Amino acid sequence: MYTQRLNYSRRGFLALTGVGLYTVGHAATVFEGLTARQVIERIQKNVGVPWRSETVDTFKIGNPDTVVKGIATSFSATLDVCQRAHAAGKNLIIVHEPTFYNHNDETANLSGEIYETKRNFIEKNNQVVWRFHDHWHARRPDGILTGMTEALGWAKYRSPEQPRRFSLPSVTLEGLAKSMQDRLNARALRVIGDPQLAVRNVVFSPGFNNFPGIARALDSPDVDVVVIGETREWEAVEYARDTITAGKKKGLIVLGHVPSEEYGMEECAKWLKTFITEVPIQYLPGGDPFWRPKP
């Protein structure tokens, strides 16, 4: 009886161990699992926009041919996120923003304890980090904006012609800011404008915004408040202050870059699950890096 229980066929053994078997001609070949490279190939196939020849959406660290045990999505691959991904058994980390502190993740001039600690942790634990920025934004609908709209509960208020414009039920500027702070856990959100100003028409532009775009939105007569992730304070913030001083009834809400985009990577995890079923997929929130002292 003992011998019979252990007398598995080769195909049965491979099935029990999770390793696939397929044949080419008369030769048997072992399929060891989905690699990080194959995951990205599926993303490229399913994202719905042409893949750019010049893009930051590339592997940042790790071997692309690593077999994937699980996928984590997050705003960025902070050391904390990498540690939590490892603890959760996720060795492919798909992120929206840079891993090594500059837009192109150039590491030639990086050194020091923090850089080495992070790199060593990723390499020691056989992790792979891939960035998904340009094409996730280029997707229609924009993946980041879709996730943020869902997190805010604003889908039914969105303009069908202009997806960044929303007509909300009337609320004070302070009430709107408080609602966004609570929904997005934006601990260090900042606001310019009269707290009691009645607002309804909102332009929501996650992430970094340049001065011309913010100025155009504030100048628009059918916009009450502009909501952004971040900007250069000595440009657009001063323009907003001057706009209000000049008598315009406007508001500017600065959420912070992370709270303004990270739920877009929760949306990414949901989307990945529609065409990747072999491994578990989990969204890992990074959280607002800032906090305010109590008054």
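Results, tabulated for the structure shown:
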{"read-out": "Odd one out for Trp136 among (1) in contact (Cβ under 8 Å) with a residue 40 or more places away in the chain; (2) surrounded by 15 or more Cβ atoms within 10 Å (Cβ to Cβ); (3) not in a helix (DSSP H, G or I)", "value": "(3)"}
{"read-out": "Residues satisfying the stated conditions in segment 190-208, i.e. in contact (Cβ under 8 Å) with a residue 60 or more places away in the chain and more than 14 Å from Lys178 (Cα to Cα)", "value": "Pro206, Gly207"}
{"read-out": "Pairs with Cβ under 8 Å, 6+ apart, first in segment 141-168 and not assigned by TED's automatic domain parsing to the domain that holds Leu272, second of a type in the set (Asp, Glu) and assigned to a loop (DSSP other than H, G, I, E, B)", "value": "Pro163/Asp142"}
{"read-out": "Segment 85-126, residues that are among the hydroxyl-bearing types (Ser, Thr, Tyr) and not in a loop (DSSP other than H, G, I, E, B)", "value": "Tyr115, Thr117"}
{"read-out": "Count - residues of segment 155-190 that are assigned to a strand (DSSP E or B) and farther than 18 Å from Ser205 by Cβ", "value": "4"}
{"read-out": "Single residue of segment 46-63 satisfying the filter (of a type in the set (A, V, I, L, M, F, W, C) and over 22 Å from Phe275 (Cα atoms)) that is surrounded by the most Cβ atoms within 10 Å (Cβ to Cβ)", "value": "Ile61"}
{"read-out": "Residues located in segment 241-253, provided they are buried (at least 24 other Cβ atoms within 10 Å of the Cβ) and of a type in the set (A, V, I, L, M)", "value": "Leu252"}
{"read-out": "Residue identified as under 24 Å from Gly264 (Cβ atoms), surrounded by fewer than 17 Cβ atoms within 10 Å (Cβ to Cβ) and of a type in the set (Gly, Ala, Ser) among Ser159, Ser170, Ser205", "value": "Ser159"}
{"read-out": "Test result for Val56, out of contact with any strand residue (DSSP E or B) (no Cβ under 9 Å at 6 or more places or on another chain) and either modelled with pLDDT of 95 or more or on the phi < 0 side of the Ramachandran plot (or both)", "value": "no"}
{"read-out": "Matching residues, segment 123-138, being within 19 Å of the chain's Cα centre (by Cα) and under 18 Å from Ser74 (Cβ atoms)", "value": "Gln127, Val128, Val129, Trp130, Arg131, Phe132, His133, Asp134, His135, Trp136, His137"}
{"read-out": "Hits in segment 53-81 - residues which are in a helix (DSSP H, G or I) and out of contact with any helix residue (DSSP H, G or I) (no Cβ under 6 Å at 6 or more places or on another chain)", "value": "Asp80, Val81"}
{"read-out": "Residue in segment 267-281 that is within 20 Å of Lys178 (Cβ to Cβ) and either touching an Asp or Glu at 6+ places or on another chain (Cβ under 9 Å) or surrounded by fewer than 21 Cβ atoms within 10 Å (Cβ to Cβ) (or both) present", "value": "no"}
{"read-out": "Any hit, segment 219-234, residues being among the aromatic types (Phe, Trp, Tyr), surrounded by 13 or more Cβ atoms within 10 Å (Cβ to Cβ) and out of contact with any strand residue (DSSP E or B) (no Cβ under 7 Å at 6 or more places or on another chain)", "value": "no"}
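Rundown of residues vs (1) in the same structural domain as Asn46 (by TED's automatic domain parsing); (2) out of contact with any Lys or Arg (no Cβ under 7 Å at 6 or more places or on another chain); (3) without any contact (Cβ under 8 Å) to a residue 12 or more places away in the chain, yes/no style:
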{"site": "Phe59", "(1), (2), (3)": "yes, yes, no"}
{"site": "Thr66", "(1), (2), (3)": "yes, yes, no"}
{"site": "Ala87", "(1), (2), (3)": "yes, yes, yes"}
{"site": "Ile93", "(1), (2), (3)": "yes, yes, no"}
{"site": "His103", "(1), (2), (3)": "yes, yes, no"}
{"site": "Glu106", "(1), (2), (3)": "yes, yes, yes"}
{"site": "Asn120", "(1), (2), (3)": "yes, yes, yes"}
{"site": "Val129", "(1), (2), (3)": "yes, no, no"}
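The values are calculated or read from the model by the stated rules, or taken from the named source; none is laboratory data. Bear in mind that the values here come from a model prediction, so they are computed numbers and not experimental data. Cβ atoms come from the backbone with ideal geometry, glycine included; neighbour counts cover every protein chain shown.
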